[in-house]
Structures are given as structure tokens and as C-alpha cells.
1. More than 25 angstrom separation, counting every C-alpha pair in the stretch 102-218; what % is that?
2. If I take R0 = 60 Å and measure r between the Cβ atoms of D359 and R507 in this structure, what FRET efficiency does the formula 1/(1 + (r/R0)^6) give, to the nearest 0.05?
3. Within the stretch 337-403, report the trypsin sites (Lys or Arg not before Pro) that DSSP leaves as loop and that have at most 13 other Cβ atoms within 10 Å.
4. What FRET efficiency would be calculated for the residue pair K252, Q162, taking the C-beta separation as r and a Förster radius of 56 Å, to the nearest 0.05?
5. So, R0 is 41 Å and r is the distance between the beta-carbons of K300 and H80; what FRET efficiency does that work out to, to 0.05?
6. Note down the nm distance, to one decimal, between modelled labels 7 Å out along Cα→Cβ at L352 and at E422.
7. Which residues' amide hydrogens lie under 5 Å from the amide hydrogen of Y391, considering only partners 5 or more residues apart or on another chain, with H built in the peptide plane?
8. Once label points are set 7 Å from the Cα along Cα→Cβ at both E404 and D137, what is their separation, rounded to one decimal in nm?
Amino acid sequence: MPDFDVIVMGAGHNALVTAAYAAQAGLKVGVFERRHLVGGAVSTEELVPGYRFDYGGSAHILIRMTPVVQELELGRYGLHYLEVDPMFHASDGEDPWFVHRDAERTIHELNEKFPGQGDAYRRFLNDWTPFADSVADLFNSAPGPLDMGRMIFRSKGEMGMQDQLSRILRPYGDVAREYFSDERVRAPLTWMAAQSGPPPTDPLSAPFLLWHPLYHRGGVARPKGGSGGLTRALARVVEAHGGQIFTGAGVKSILLESGRAAGVELDSGERYTARAVVSGTHVLATVAALPDEVVPDAAKRVRVGNGFGMVLRLALKGKVKYRNHTEPDSRVGLGLLIRNEQQLMKGYGEYLAGEPTTDPPLIAMSFSAVDDSLAPPDGEVLWLWAQYYPYELSRGDWKTRSGEARENILRAFEHYAPGTREQIVGELVQTPLWLEQNLGLYRGNVMHLEMSFDQMFSFRPFMAASQYRWPGVPGLYITGASTHPGGGIMGASGRSAARVLIRDLTRRGWK
Ligand SMILES: Cc1cc2nc3c(=O)[nH]c(=O)nc-3n(C[C@H](O)[C@H](O)[C@H](O)COP(=O)(O)OP(=O)(O)OC[C@H]3O[C@@H](n4cnc5c(N)ncnc54)[C@H](O)[C@@H]3O)c2cc1C
């Protein structure tokens, strides 16, 4: 009799989603996580007394376009989402504007501030909302070989098929220029699209901009108490259905018996057996846990890239005060802080040359404005995400260069909110190396693998493994950002993997 029906390796949010569905379906589940807490890149801890910091993702957007929260009844298990509205405040430092959940309000304010740009925004939403909806649908199911075609055919916009296709195939920077003539509007939208990694000049990258209408559909939200509120709730679902979660329990190897996955051996040497193993780690961590003879060459050839973002997390003793923003709204949503498009391109140029960006555009997040549990009453958490930062540097290493990168991020922010430096009472600097060493994000890629077209849909992580089953090893499944639909807080991969697993193990299929 095996110890478990299902062993899950890693407790990132996707792995926990798979574990929760499996436990809910009556399977005996054991989750083994290397870190001292669950959640991986969706976790939160009090790192400075009185201040709770997220370790990874903070903006919960895509998961609310999946059925995960409802199907797993996460509200009953302690997840409480707080709405973030305005969702974004965009600024070059002089002329800030807001993206509200309400599209009409956004359009109205844009037209008042930048004549004609609200109309352009409306045109953009009208043209691309059907497309964005079809992308969300595809994200919620296992990938198929014809997904690109399905995405286009299903999105019945008013635009002709040819116009639509040619735009989808373009770089998102070009498509943004087609719609928005004012750089003060265009640059922040382009910067938001850059969050998945590829630069605005990459062909086939337009979908990163074209799914923007989804923000108005699903909104932006924060679990009360920090991002980790999601993964803590998922862990409770697993445990409530009889599952067990072990932290500080790294998996050294996946055990095979007659070619089938049969359990795991931990770093401590302990062994546990199961009918099936699900790996929710980076695909290269799965590779490292397997004997070489069952690792296809394609698995070793995945493109992890060379890092791209880093974060400066600050505990402040006072609230953020923007020079030119309307308080308190400017502290609520994600601050898309970019002076112009050139700033983004210059940063990318430095990155290509192996240098940390000297003058980064920023995403500023001060979510203590919506959640008073994150900081003391007069204080604030301020997290500054910046791009681009190579994992492999052309000069020196991250141990010697992190101070300089931290200083440049802070200097860039002081253009918008001077005096912030004097408010700092604690901090965490997350370089690409930090992300690798602490969160298991190889080469600092927060999306696991590059989010380029050659690694999306059926190509993620590689074709033979795109259906969440490891090729050639019955009983071994994979989930996580290394699989379709990729990085981000979504849980869709975890749900799709669960569907395959439960069908195989119970023969009852998906309820
Ligand atoms: C700084 C940062 C900011 C981000 N911002 C956002 C955002 O605002 N919005 C958004 O949608 N997304 C954001 N993301 C991306 C998003 O958080 C990640 O893509 C996503 O959380 C990855 O989830 P996952 O389920 O694939 O697993 P991961 O979070 O990668 O978890 C994998 C888990 O496996 C564990 N593990 C690894 N090896 C082993 C082993 N051998 N044995 C046992 N356990 C192991 C790891 O410790 C980890 O807990 C951000 C990410 C980072 C890092």
C-alpha cells in the first residue's frame, strides 16, 4: 500500500491548486515543499517587524478569470479578496492618469486630460475585448496544436480577420503606437505589457498588450493579509480534505519503479511512496530530480532566458507622497511609472549588454493603502518592481552590484515621490540571483521560462510534455509556470493538470 495516492513536489500556487482538487476528489495527497512556508512566488511574511512583504507576485488579476476560487470555495478557507480600484495609476512624473475598473470613467478622464486619447482607448477596447476573452478561455484549458487559430476565430471582433491577424503577429510596441498618439498614454500601457518579459519590439508579442481589456473584466485584487493569503487558503483546502503538507522538505529525487513514478526521496533521505507524482516546480528542478535516461533532450533545451526583473521592497515609516498625483488614489493601484518609451528601450539595451538598467521604469505598489494589515497605521509597504536586470552580468556579480541597482531604483522612484529615502525603516532587495536562490526561479526568471511564442501553448515546456504528463514516465505529471499557460498568479495550469491526474487515477473524470 503506497503512503499516498498523489505526492506533489513543491507548494507553489499551481501545485497547491492541483493538490486541492485531488484531495477534494477523495485522493490521499502529500505535498512536499523545500521552503519553510508554502506558496513559492505567492507567499508573504512579516520580514520587518510590523510590515508584511510579499516574496513574489502581488497583483491578482488572472486567477479571478478562472473558476478556481469558486470551485475550491477558497472564501470558506480564509481567502478574502480586496478590490484595487483605480487599478493603475500611470505617470511620467508630471501628468498622472488612472485606469479605473470602470472603462467609461477611464475613457472620460483620459479625454479630459489628453484630448482624443479616451476615444482611442475606447477603440482599443472595442477592437480587442473579444480577443482578450478568447485568450482567457484558452488559458483555462489544456493547450491544443491549433490554439493560435482558435484564438483568432473565436474572437469575433468587428475588425477583419486579416487586420486582426497581422496585428497579433506584430510587436506590442507597434500596436500601441497604432492606437495611442500621446506618449504619456502609450508608454505606461506598453510598460504594463512588458511585464511578461519580451520587449516591445519582439514579433508575435502583441497579445501581451491585447489582453489589456481583461483588466476591466476581472479587475485587480489583493488577498487580505498579503499575496500568501491565496496559498494559505489553498493549503487549508488540502488539509481539510485529509491531505498533508510538509515544509522544509525538499525533494531530492523522484523514485521510479518499473519505469513508473512511484514516490520521492527527500533531501533528508526519507522516502515516501505514491501512485502518482506531480511536480509543481520549475521544469529544470523536475529534470534534476529524474534519472537522466528519462529526460528528453527537449527538456534540457528549454529557454530560461537571462533574468529580467528585480524588486526593491521597502518598509516606510510614512505614507508615499507623490509629487503630482491625486492622493490617496495614487497609492491604491499599480503605479505604472515611466517617463517615456525611450526609458524602457534604453533599459533593454543595457540588459542586452549584460548591465543592470541604470534608470529603470517602475511598477510601484503600496498596497497598505488597501490593506491595513500590511503596515503599522502611519507606515506603508512600498514595493518597486523594475526592469531589466540580467542574471548573468557582463561585469562583476550580483553580490557586488546589488547596492548600485538598489540605488538606481530608489533614485528613479524619487523622481515621482521625492523624500521617500528618508522614510525607509527596513528593506529587502530581490536581485535575479536572490530570486533563484530563495524561490527556485532559475536564472531569476519569474515566469520560469521565457514567455515567447516558441514556448507558449503546446510548446510549453516542450511539446511532448504539454499535456501535463511527463513523456515516457507513467504516473508523473507536471504543473506550474513552466507549463501552459505560463507565469503569473492564475492557477489555470494547476487546474488543468488536476483534470488530467484525476481522470487517470479515479477513472471518474472531472465533476
Ligand atoms: C518578484 C515577483 C513578482 C511577480 N509579480 C507578479 C504579479 O504581480 N502578478 C502576477 O500575476 N504574477 C507575478 N509574478 C509571477 C508569479 O508569481 C509566478 O509566475 C507564479 O507564482 C509561479 O507559480 P508556480 O505555481 O509555477 O510555482 P512557484 O511559485 O515557482 O513555486 C514552485 C515551488 O516549488 C518549490 N520547490 C522547488 N524545488 C523543489 C524541490 N526539489 N522540492 C520541493 N519543493 C521544491 C519552490 O520552493 C516553490 O515553492 C511575480 C513573480 C515574482 C518572483
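Read-outs throughout are calculated quantities, based only on the coordinates presented, and are distinct from any laboratory measurement. Computed from a predicted structure; not experimentally measured. Please note: Cβ atoms are built from the backbone with ideal geometry, for glycine as well, and neighbour counts cover all protein chains shown.
1. 19
2. That gives a FRET efficiency of 0.55.
3. When the trypsin sites (Lys or Arg not before Pro) of the stretch 337-403 are filtered for loop state and at most 13 Cβ neighbours within 10 Å, R395 remain.
4. That pair, K252 with Q162, gives E of 0.55.
5. 0.45
6. If labels sit at L352 and E422, their model points lie 4.2 nm apart.
7. G307
8. Taking the two extended label points, one gets 5.1 nm.
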